[in-house]
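Please read the structure below before turning to the comments.
The values are calculated or read from the model by the stated rules, or taken from the named source; none is laboratory data. All values reported here derive from a predicted model rather than from experimental measurement. Counting neighbours? That spans all protein chains shown, and the Cβs are built from the backbone with ideal geometry, glycine included.
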């Protein structure tokens, strides 16, 4: 591997104007407003899910769709847009969970850059995103070869490097004496081991192993201060984003089961009607938790010095994780029973949707999240309550 030197303002391997690996620059356009951007988005993304599941390729067509709607360069990140962001992520997940995982990582990267980058870094990153660059966050070190920084050179590996085949750059984390440091590194030039990623589901997320042994780290790659990445409440609270993608995956399974029962003229069977009802209740429960999560996220962003706002975000997100996981497992079981053996045969769309959701539900440390929620309740820091009526709802 050749020795690489990376300056943040020029992440593309050949020149600052080179195309990201997944898109045609002829699609460049002016940013568009967020109103009505979700119309038809899930359906457009879903058209390509089966093909990408078969070949495991980066979901190019889905990101073309997101780019065409202005959602690669301009995702809703402000506190006032928290509900809009979670709605967007759920819509992407409803279309395809692999796309949802990669897009959630892109959104998280832009959120971290917005919070911790220098003005120069921030402006460069958002310009590149507006031109179609997709970013990611890779935090999981390879168990046998963790990423280390030695004398200014990055060496080692990361596992679960989602989207590597379509990203321009990614935030990687590395331990130092001062804490865990974020670095924004170019994807071009990294070694990629694609033999490892052979999952049951989420195949198109391309969560491969990446390695490097001679990536020269420059000042422009250093993002924020040590331990900014794991600063609470937004590190654990950020799980609300993947909960939103999960919710979209639940909705896709629900759609599939109801469509199957309607098409086969079994929806009016009283037992199937009960399954439809129970699936609908579980799905609505997931969406209700997203609404609570959006409110807690917005409040914490608007009140960064408030301990109570931070505790509320952490508890709400942990509760949402558990509630949405339970809703997902209930809907999966009900859909499997409703469709029957046909749903386990690959030509049926439920077969892929089931695999993807069951795989993506396995997020880090669910037991720790539940234990921390229990401690918060016992300590008087969070209580179940009637949801507040948001300003947005009040105006509708």
If you go through 184, 154, the only one that is over 21 Å from the mean Cα position of the chain (by Cα), within 25 Å of residue 231 (Cα to Cα) and not in a helix (DSSP H, G or I) is 154
Taking the condition within 28 Å of residue 237 (Cβ to Cβ), assigned to a loop (DSSP other than H, G, I, E, B) and at pLDDT 95 or above, does residue 325 pass? no
Assess whether residue 288 counts as being in contact with a helix residue (DSSP H, G or I) (Cβ under 6 Å, 6 or more places away or on another chain) and not assigned by TED's automatic domain parsing to the domain that holds residue 85. no
So residue 91, is it in a loop (DSSP other than H, G, I, E, B) and more than 20 Å from residue 185 (Cβ to Cβ): no
Set 109, 140: member being surrounded by fewer than 20 Cβ atoms within 10 Å (Cβ to Cβ) and within 17 Å of the chain's Cα centre (by Cα): 140
From the list 62, 80, exactly one residue is in a helix (DSSP H, G or I), outside the structural domain of residue 243 (by TED's automatic domain parsing) and surrounded by fewer than 21 Cβ atoms within 10 Å (Cβ to Cβ). Which is it? 80
Which condition number in (1) under 16 Å from residue 140 (Cα atoms); (2) touching a strand residue (DSSP E or B) at 6+ places or on another chain (Cβ under 7 Å) is the one that residue 217 fails? (1)
Taking the options 10, 14, 2, name whichever one is outside any helix (DSSP H, G or I), at pLDDT below 90 and buried (at least 16 other Cβ atoms within 10 Å of the Cβ). 10
Is there a residue in the range 254-271 that is surrounded by 17 or more Cβ atoms within 10 Å (Cβ to Cβ) and without any contact (Cβ under 8 Å) to a residue 12 or more places away in the chain? yes
Check 309, 319 and return the single one that is within 27 Å of residue 99 (Cα to Cα), assigned to a helix (DSSP H, G or I) and either within 26 Å of the chain's Cα centre (by Cα) or assigned by TED's automatic domain parsing to the domain that holds residue 45 (or both). 319
By residue number, the members of the range 190-205 that are farther than 18 Å from residue 174 by Cα, surrounded by 19 or more Cβ atoms within 10 Å (Cβ to Cβ) and either in the same structural domain as residue 98 (by TED's automatic domain parsing) or in contact with a strand residue (DSSP E or B) (Cβ under 8 Å, 6 or more places away or on another chain) (or both) are 197
